[in-house]
1. Condition first: touching a residue at least 24 places away in the same chain (Cβ under 8 Å), more than 19 Å from residue B:171 (Cα to Cα) and in contact with a strand residue (DSSP E or B) (Cβ under 6 Å, 6 or more places away or on another chain). Can you find one or more residues in the range B:74-81 that meet it?
2. Could you give every pair whose Cβ atoms fall below 8 Å, whose first residue belongs to the range B:609-623 and is facing chain A (nearest Cβ under 7 Å), and whose second residue is among the basic types (Lys, Arg) and not in a helix (DSSP H, G or I), counting only separations of at least 6 or pairs across chains?
3. I'm checking my understanding of the structure. Among residues of the range B:584-604 that are under 17 Å from residue A:15 (Cα atoms) and at the interface with chain A (Cβ under 8 Å from one of its Cβ atoms), which one is surrounded by the most Cβ atoms within 10 Å (Cβ to Cβ)?
4. Can you find a residue in the range B:744-754 that is in contact with an Asp or Glu (Cβ under 9 Å, 6 or more places away or on another chain) and either among the acidic types (Asp, Glu) or at pLDDT 85 or above (or both)?
5. Kindly evaluate residue A:102 against the criterion of being in contact with a strand residue (DSSP E or B) (Cβ under 9 Å, 6 or more places away or on another chain) and closer than 23 Å to residue A:198 by Cβ.
6. Which numbered condition trips up residue B:281, out of (1) on the phi < 0 side of the Ramachandran plot; (2) over 37 Å from the mean Cα position of the chain (by Cα)?
7. Please verify whether the range B:134-144 includes one or more residues that are under 22 Å from residue B:63 (Cα atoms), in contact (Cβ under 8 Å) with a residue 24 or more places away in the chain and of a type outside the set (Ser, Thr, Tyr).
8. All but one of (1) surrounded by 23 or more Cβ atoms within 10 Å (Cβ to Cβ); (2) under 20 Å from residue B:315 (Cα atoms) hold for residue B:383; which doesn't?
Amino acid sequence: MPDSAHTRALVVEDDPNIVDLIRSNLSVRGFDTVVSTDGNRALQLLETESPDIVLLDLMLPEADGFELCRQIRERSAVAIIVVSARGGERDKVTALNVGADDYMTKPFSIEELLARITATLRRTRPAAAQDPAPPVIAIGDLVIDLAGQQVSRAGQAVHLTPTEFALLRELATNRGKLLTHAHLLRRVWGHGYETETEYIRVYVRRLRAKLEAAGGQPLILTQPRAGYRMAPE
Amino acid sequence: MQMSAAAVDRFPDSPPLLSVSGLAVRFGALRALDGVDLAVQPGELVALAGENGAGKTTLVRCIAGDIAPASGRILLSGKPVLADPLAVAHQGVAVVWQDLALCDNLDVASNLLLGRENRRHLLSDTRFHATAAALLGELGIPLHDTTRGARALSGGQRQLLAVARAMARKPSLLLLDEPSASLGVQASRRVEELINALRGQGTAILLACHDIDQMFRLADRIVVLRHGRVVADVEPGAVHPDDVVALLSGQQVDSSARRQLTRLHGLVDRLVSADPSSSLSLILSALGAALGNERLCIHLLQDDALVCAASLGVPPALLSAWSRLPPGPAGGPVGLAADSEEPVVQDTAQADGAWAAFGDLARAAKVASSWSVPVMGPGGLAGVITMFRAITGAPPRDQLDLVTLYAGYAASAIERDRLLDEVTARNRVLETIREMLETLAGPIPVAEGIVVALQSLRRGLQADEVVLLSQADRGPPRCRAFAGPAGPHRGAGAASPALLGIASQVIAGTRGDGVARQLRARGGERFLAVTFAAPAGPAALLASWPGGQLTEDATALIEDAAHSLRLALEREEAGLAHQEAAALRRSQELQRGFLSRLSHELRTPLTAIRGYASSLMQPDVTWDGDSQRRFLARIAAESARLGRLVDDLLDFSAIESGILRLQQDWCDIPLVVEAAIACLPPATAEAVEAEFDPGLPVVWADHDRLEQVFVNLLDNALGHNPPGTRVNIGAKAHGPAGVTITVADDGSGMPDELAAAPFEPMRRRRSRTAGAGLGLSIARGIVHAHGGLLELDRPAVGTRFRLWLPVELPGKTGSDAAEHALLSRNGRNRGQPAPARTAIPAADSGRPAVARNEVISGA
């Protein structure tokens, strides 16, 4: 179990049973939990409580879950796991597009909940110091500061979410090498995620949108049906 | 030099023989000639017209060399003419003066040969006279005795002699000053003949005179002098004698020509503003006045016969015989004129000729002669105008011309009338089409529009009855609309069975190609039928005329109408299809929404159950007793909730598929209601008040299901209203065969969007007491399965549901408690409409079943 002594979770959910479930299971494992049953309150709590992870129910009675997710993402790089009773692929892609790091469907088991929380937290924590990669990688006009988890392009800082950064780091430290979908999913999201190809597609698209100049040199190259690679020198 | 156009034509390349330019002569202060220009070609006869003192004689004298002009030039064959008569004579100019200038003391021969005598003449008298006589003979002048003294001759003879003398020299230019001023008709004529003969030989002739008629008889050109100036240089053919007179005197002469012109203007004005039907009479009366004759008639060509359209002063006997004439000789002068398209002048009606067939009539009517002039319109012969006279003889040329002129007016009037008729007819047709199109394209529903359109069509066709039939799916033809003398109808209305019968035959028999076909019935009625392909099946449009008189445009109009009706029917069909599509889309949306909500409703308790159970099974955690108990209680509660949801869903599904099973027995309503109330939590049960009529009959029903209905209604009343709401259930008998139960609350009333469709699976915000929102829907399904009715009232305060149950369904009662009632999808119960349904997929079927919202008239 990762050290969760100071990990705080914001739970945005209106079903009391689920709130009870999550709160009980998280507190017994040492998490702080803060609960909000409506969207506006949730945004306030985001400011005041600075949670490490947000568990967001898409089907809130008074709010549009996707919109709320987008607003949270706008304000913070906090890890977001969305929970939904609907399970369609379209919903999943939409959720990822608006900034969610992970997507969980109801009904879920507690094991699954905990596993996803752990994976997401790990991904969004800064890398350990013994990482053999060089501390700074420069590609074209991009400067990737691995230790500081910062990226700048042509001198301008680019804001990336932890997941985006994790994916970029994986690609950049294996520059020129073809990385399969499965490999990327396992490395960035964790075990059990190897088949979630929508995740990888959405996040590659997000990286490209943020890092590649329109009409300029592509940064991430697609190998159809196989995987991706960072453009070689 | 100006030459008239005809002169140019006749003498294209020759230069003028005589050319006068800018001639001016003054006698003291008087300007006898003031800038005169004149040109005469060889062989041309120019008449010089003018009143006394206008300058004619002066001009002649100038040209003859008798006086010298003050200015200007005279050229003869290009050579100037000097004021020397002898020299001028040598240049080939001969003059016949007004006073003739004969030598009275000499005889004819001497006068004739004066100045041209030669030695031989002088030597021999005989030869002298022979020459003279020969000359006179040559000229055709009947002066045989050349020895007569000039003094002894008559005025005419003297004139002739003077002319002969002038002509004897064979001049190239002959000047005549008033040659026949004092002559009688016969002599005048002879002189004119002479002059004409000379002209024919190529002599240029300048004739000064003031006899207008003579001018018009002889001259190629008329030059009018007035106050020493040339005021006109015209051709006789181009001008009226009266106009020349007017020019001469400088005043408007109210000649007969001018009168005629005024009359014509007046006629035109009247015609323009007159009623078309009276224009022919107007023309005839004007013509009669113009001719000074009052017996006229006009025949119009209609369908190969000449029909008398108007007449003036024609005796009745003749009129009736001539009311209708065939073209050709059998039609008398009228028919002949029509046939030949030329005027037929019958000098004598009695003689063999055009009047041959009508000789007696002519006598009786005192018709001695007639003229028939064809009236030519733009499309050929339009009619014939005939004039009758009581005296024999041919009409003067100008009168004939006048009649032809009036005939032209008549042609225009006839054409105008014809065009007006055509326009009126076309207007009627266009108006009809416009009305129909507006009606059918407009906002009113197609079914009504068709009725109005048929009315318009009936007017436009001037038909007796018009009917539109359509046939759908090989069923019987159905009458969509009918318009008849008594007014329009949707449906068959008062259409005669004969008409319907024919229409049905037509729709079955003919091709639906939109072409009109005529049919005739035994009774002499005529029909026009058009069949066309409407979206639902073949359709037929039929119109009937009892008298058998179809209008000319009927065929085109009915075909156009059929086209418009087809478009309207297509629009109707499209509208229906659109509605169906919209209903289907709506139902599919509702389905999607429903399924989505449903999945959510089911997953929520499942999540709790799974979550709590897996929490309890975590190996690495030990839960305290409170938590454990709480988890387990939640598992139990959510399982129960899930169970209820599933039950509701199964009920709903069974109702939708029509397979709801009822276990019926005789039920005591009060007992059922009380049982329902007992299901409620005690606190809320207190808010419910029940009252029952004494003597309430028992009903044949499923006790448990009825209880479910009441529980749902009470749940709805209590769950959606603020706490403290009171609920009242009442039941009373409704006649001997039914029971009415009301469940009323005084709460906040139902929101509008829910009240619009209260029994649909509800789209509601998530509420803690929620089922899948199926409660009311299930309640209604159960009530309908019993043959009853459930309705929502919206009183001023709160909400009220009204339930009606039959005591028993006919044929279904029995004491067998296990009997169940099966209800078909479109169940009809004693005249109640089938409920509108939204489809939910039945349990096993993969396809949604859609029912159209229809009002089915009660059995």
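The values are calculated or read from the model by the stated rules, or taken from the named source; none is laboratory data. All figures in this text were calculated on a predicted structure; none of them were measured in a lab. In this analysis, Cβ positions are derived from the backbone assuming ideal geometry, glycine residues included, and neighbour counts consider all displayed protein chains.
1. Taking every residue of the range B:74-81 in turn, none turns out to be touching a residue at least 24 places away in the same chain (Cβ under 8 Å), more than 19 Å from residue B:171 (Cα to Cα) and in contact with a strand residue (DSSP E or B) (Cβ under 6 Å, 6 or more places away or on another chain).
2. Taking only residues 6 or more apart or on different chains, the pairs are B:621/A:29.
3. By that ranking, first place goes to B:604.
4. Yes, the conditions are met somewhere in the range B:744-754.
5. Yes.
6. Tallying (1) on the phi < 0 side of the Ramachandran plot; (2) over 37 Å from the mean Cα position of the chain (by Cα), residue B:281 fails exactly one: (2).
7. No, the range B:134-144 contains no residue that is under 22 Å from residue B:63 (Cα atoms), in contact (Cβ under 8 Å) with a residue 24 or more places away in the chain and of a type outside the set (Ser, Thr, Tyr).
8. The single condition residue B:383 does not satisfy is (2).
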